[in-house]
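Colleague: Dropping a structure here in structure tokens format, bear with me for questions.
Rule-based calculations on the coordinates, nothing more; no lab input. Here the structure is a predicted model, which means the values were calculated and not measured. Please note: Cβ atoms are built from the backbone with ideal geometry, for glycine as well, and neighbour counts cover all protein chains shown.
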Amino acid sequence: MRKTLPVALSLLMSQAAFAEVVVLQGATLIDGTGRPPLKNAVLVIDAGRISAVGPADKVKAPPGARALDLKGRTIIPGLINAHGHVGLVVGGQSRADGYTRENVQTQLLQYERYGVTSVLTLGLNRDLVYDVRDEQRRGTVPGATLFTAGRGIGVPDGAPPVPSAPDQVYRPKTPEEAVANVEEAAARKPDYFKIWVDDVFGKFPKMDPAVFKAAIDAAHRHSIKVASHVFYLGDAKAVITSGVDALAHSVRDQPVDDELVAMMKKRGTFYVATLNVDASFSAFADDPALLDDPFLTAALPPDSVQQFRSPEYRAKVAADPNVPKARAALENGMRNLKTLHARGVHIAFGTDSGANPVRIQGWGEHRELELMVKAGLSPMDALVAATRGSATMLGISDRGTLEKGKRADLLVLAGNPLDDIRNTRKLVSVWHDGREIQPLVASASAR
């Protein structure tokens, strides 16, 4: 199997990962459970797992372990993106031929080097995604741990309106076709399933409710959970009534109401706000200073940085009739996230990064945390959603919190994100399955 140079180097560097016991000591630990941070913590990594964690006066370094002094640092769990994408963008362009093994693997590495240690690629995947996922689980593909929803089910001549290969999305016309599509997908054992139901700012037909109900029922017969792309409050209620397990975007047309809250709490439906989606429509035109930040520009091809800086790009954004709609949608989405969190709905974390050239893998996850806090969540609440919340949504109990027996997926930071959520960008090191990964952009104080 041919590998790109970054993939091969990453595998080579990780060969000795399980050969030593590593002790991280002296840092402040935020464990992802929502409990108060633990100062002067000790965390022991052995064979890719956390073998011990706790205060320094109770957890001792095993004999022969390699000890790292992390005084002044903060440790948090690795981020888990419950709504991302791979293989859709090449060289800053959305392309139907972009979904290649090389591109997918390169983008998984980028996620990982930004501290996203697990990602659910929520639809628009070619079938080769299953091969990549299964090879990764055998230890031959590095990068963020890949979970996938496979192709997903869209609408004929409707959503998702992106360039795609024939084996990248199903578009059934009838409930019977939807069932057949789910049956075909289920044989590949997707980790989740995806449906698109809305009309994309009124431009396309919506999905027939009989189609999405048939798809949800068929997926559930195979014990596969389903997430739905939504925009409208009415559609959110309709898919929840049909049994959907997660809303993959915010409700953005109007405020959420008591009925939706009650439905979500009764059924345990997860809410993934993806505030980054609507923010991305105009972020670089509205705030060009973002493009002065190496933490962003390192994630972009140079041509894209130049494009986003150009007067032509700003003029294009200014003339886009969807931009005012997206700004209003973002305001609604932020208010609704705050309301649903306050009312006790399950909140997970996602960004839709990788779906198009302005939704940036890696950077977008840290931006999403900032937007969630701006919406009214505390930094702790945002971190819990991005770790334990997403793990719970995906049903993966081996990660998401820093507790004994869990995978050693964690980030070492030069600042405390409880003081300023933007401190998640001050990456000193990324640890994934107990392997130390060099961040794509390391904090200046880490050098």
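Colleague: Only sites in a loop by DSSP and with at most 16 other Cβ atoms within 10 Å count here; which chymotrypsin sites (Phe, Trp or Tyr not before Pro) in region 228-271 make the cut?
Modeller: Passing sites in region 228-271 are Tyr232.
Colleague: Would you list Arg138, Arg335, Arg221 from fewest to most Cβ contacts within 10 Å?
Modeller: Fewest-to-most Cβ neighbours within 10 Å comes out as Arg138, Arg221, Arg335.
Colleague: From the backbone phi of region 274-289, what are the Karplus-calculated ³J(HN,Hα) couplings (6.51 cos²θ - 1.76 cosθ + 1.60, θ = phi - 60°) in whole Hz, Gly and Pro given as x?
Modeller: The phi angles translate into 6, 4, 4, 4, 6, 5, 6, 4, 9, 4, 6, 7, 6, 9, x, 4 Hz.
Colleague: Quick check on the exposure proxy: order Tyr170, Tyr192 from fewest to most C-beta atoms within 10 angstrom.
Modeller: Values: Tyr170 21, Tyr192 26.
Result, fewest neighbours first: Tyr170, Tyr192.
Colleague: Now a separate question. Quick one: angle between helix 258-267 and the longest Cα principal axis of the chain, in degrees between 0 and 90, rounded to 10, please.
Modeller: On a 0 to 90 degree scale, this one is about 60.
Colleague: OK, next. Where does each of Phe308, Phe212 land when they are ranked from fewest to most other beta-carbon atoms within 10 angstrom?
Modeller: Ranked by crowding around the Cβ, least crowded first: Phe308, Phe212.
Colleague: Over region 232-348, what is the mean sequence separation of C-alpha contacts under 8 Å (at least six apart), divided by residue count, expressed as relative contact order in percent?
Modeller: Value for region 232-348: 38 percent.
Colleague: How far is helix 175-186 tilted off the main Cα axis of the chain, in degrees rounded to 10, range 0 to 90?
Modeller: 20
Colleague: About the Cα centre of region 287-435, what is the dipole size in debye to 20, counting +1 per Lys and Arg Cβ and -1 per Asp and Glu Cβ, all else neutral?
Modeller: 300
Colleague: Would you mind pulling out the separation of the Cα centroids of region 395-427 and region 108-185, in Å?
Modeller: Their Cα centres are 26 Å away from one another.
Colleague: Once phi is turned into θ = phi - 60°, what whole-Hz ³J(HN,Hα) does the Karplus curve with 6.51, -1.76 and 1.60 give for every residue of region 366-378, x standing for Gly and Pro?
Modeller: Each residue's phi maps through the Karplus curve to give 6, 5, 4, 4, 4, 5, 5, 5, 4, 6, x, 6, 6 Hz.
Colleague: Can you work out ³J(HN,Hα) from phi for every residue in region 322-327, in order, using Karplus 6.51 cos²θ - 1.76 cosθ + 1.60 and θ = phi - 60°, giving whole Hz and x for Gly and Pro?
Modeller: Karplus-based 3J(HN,Hα) across region 322-327 equals 7, 5, x, 5, 5, 4 Hz.
Colleague: Where the only charges are on Cβ atoms (+1 Lys, Arg; -1 Asp, Glu), what is the dipole of region 99-159 about its Cα centre, to the nearest 20 debye?
Modeller: On the way: 7 positive and 7 negative charges, 27 e Å.
That gives region 99-159 a dipole magnitude of about 140 debye.
Colleague: I've got another one for you. Kindly flag which residue pairs out of Lys71/Lys406; Lys265/Lys426; Lys374/Lys404 have an alpha-carbon separation exceeding 25 Å in this structure. Please list the in-between numbers first.
Modeller: Details: Lys71/Lys406 23 Å; Lys265/Lys426 36 Å; Lys374/Lys404 33 Å.
As for pairs spanning more than 25 Å Cα to Cα, those are Lys265/Lys426; Lys374/Lys404.
Colleague: Explain nothing, just the number: relative contact order of region 176-288, from Cα pairs under 8 Å at least 6 residues apart, as a whole percent.
Modeller: Numbers: 152 pairs, mean separation 24.4, N = 113.
Relative CO of region 176-288 lands at 22 percent.
Colleague: Something else: Remind me, relative contact order of the chain in percent, using alpha carbon pairs under 8 angstrom and six or more residues apart?
Modeller: 19 percent.
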